[in-house]
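Quick notes on the structure that follows.
The values are calculated or read from the model by the stated rules, or taken from the named source; none is laboratory data. Here the structure is a predicted model, which means the values were calculated and not measured. Backbone-built Cβ (ideal geometry, glycine too); neighbour counts: all protein chains shown. For accessibility, only protein heavy atoms count, side chains too; no ligands or nucleic acids. Shrake-Rupley method; radii C 1.70, N 1.55, O 1.52, S 1.80 Å.
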Amino acid sequence: MITLIVGTNRPQSNTRKVARHVEEIYADLKVPIHLLDLAQLPPEIFSPTSYAKKPKPFEPFSEAILRSDGLHVVSPEYNGSVPGVLKYFIDMLKFPESFIQRPVCFVGLSAGTWGALRPIEQLQAIFGYRNAYIFPERVFLPGIRELLDESGRLKDPELLERLRTQAEGFVDFVERLRGIKLR
């Protein structure tokens, strides 16, 4: 199963809108997917005591990562970096087993020109440090506000094709690395 991570907790985010496209692509490919939307994180996880003992409502998030064959992260750029909630989520996961030898793939989006290049490179460094297998084909969506229509759908078929090509390649990457069949 692929776990799709919506890398922000902002309500009605563009990140969630893009993740919906990725979710639909995996469904078309008949690949099992589990959505982890950081907007659904339990408030208890933000208690300072969570570093020592994770609250019970956080277990489904942590277990979803551990059960996953691969992670597909969709992240926005906030102030030239990774959203704080995404970094905090990573910090709350079990170490080292959450990412070690786990395939991971990235989509970045931003209001600016570079399409979240900086935060995706920061995430690659974090996941590399944690010994994940990084899929090299990233997708960047700069100027996201102009790329979405009024209903939150990507307008450009070429961008949808990039997301599809990435997902297909990531499935192959996961299957080869893990020695499994996802579809």
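About its Cα centre, the chain has a charge dipole of approximately 440 debye under the convention of +1 per Lys or Arg Cβ and -1 per Asp or Glu Cβ, with nothing else charged. With R₀ set to 41 Å, the beta-carbon distance separating Lys94 from Arg183 gives a calculated FRET efficiency near 0.90.
Rounded, prolate or oblate: which fits the range 79-183 when a ≥ b ≥ c are the square roots of the eigenvalues of the alpha-carbon gyration tensor, with rounded for a/c under 1.5 and prolate only if a/b beats b/c? Oblate.
Pairwise Cα distances in the range 1-146 exceed 27 Å in 15 percent of cases.
Each of Val74, Pro142, Pro42 was scored by the projection of its Cα onto the charge dipole of the chain, and the greatest displacement toward the positive side belongs to Pro42; charges sit on the C-beta of Lys, Arg, Asp and Glu.
Taking K and R as +1 and D and E as -1, what net charge do the other residues with C-beta under 14 Å from the C-beta of Val73 add up to?
Spelling it out: positives minus negatives among the neighbours equals 0.
Its DSSP H runs of at least 4 residues, each contributing -39,500 (n - 2.57), put the calculated 222 nm mean residue ellipticity of the chain at -12000 deg cm²/dmol, to the nearest 500. Ordered from largest to smallest accessible area (heavy atoms of protein chains, 1.4 Å probe), the residues Asp156, Asp28 come out as Asp28, Asp156. Here the accessible area is traced with a 1.4 Å probe on the protein chains. For the range 89-183, carbon and sulfur cover 52 percent of it. Bridge orientation summary for the range 1-102: considering DSSP beta bridges with both residues in this region, about 10 percent are antiparallel. Accessible surface calculations at 1.4 Å, restricted to protein heavy atoms, place the chain at 49 Å² per residue.
Please report the antiparallel percentage of DSSP beta bridges with both residues in the chain, rounded to the nearest 5.
10
Estimated at the nearest 10 Å², the accessible area of Glu168 is 70 Å² with a 1.4 Å probe. When every Cα-Cα distance of the range 16-72 is counted in 10 angstrom steps from zero, the calculated P(r) takes the values 20, 43, 27, 10, 0 percent. Farthest towards the positive end of the charge dipole of the chain, among the residues Val104, Ile25, Ala116, is the Cα of Val104, using unit charges on the Cβ of Lys, Arg, Asp and Glu. Go through Lys17/Lys181; Lys94/Lys181; Lys17/Lys54; Lys17/Lys87; Lys17/Lys155; Lys17/Lys56 and tell me which ones have a Cα-Cα distance over 18 Å in this structure. The pairs that break the limit, which is 18 Å between Cα atoms, are Lys17/Lys181; Lys94/Lys181; Lys17/Lys54; Lys17/Lys87; Lys17/Lys56. Springs join every pair of Cα atoms under 10 Å in this Gaussian network model of the chain, and among Ala39, Ala125, Ala52 the largest mean-square fluctuation is at Ala52.
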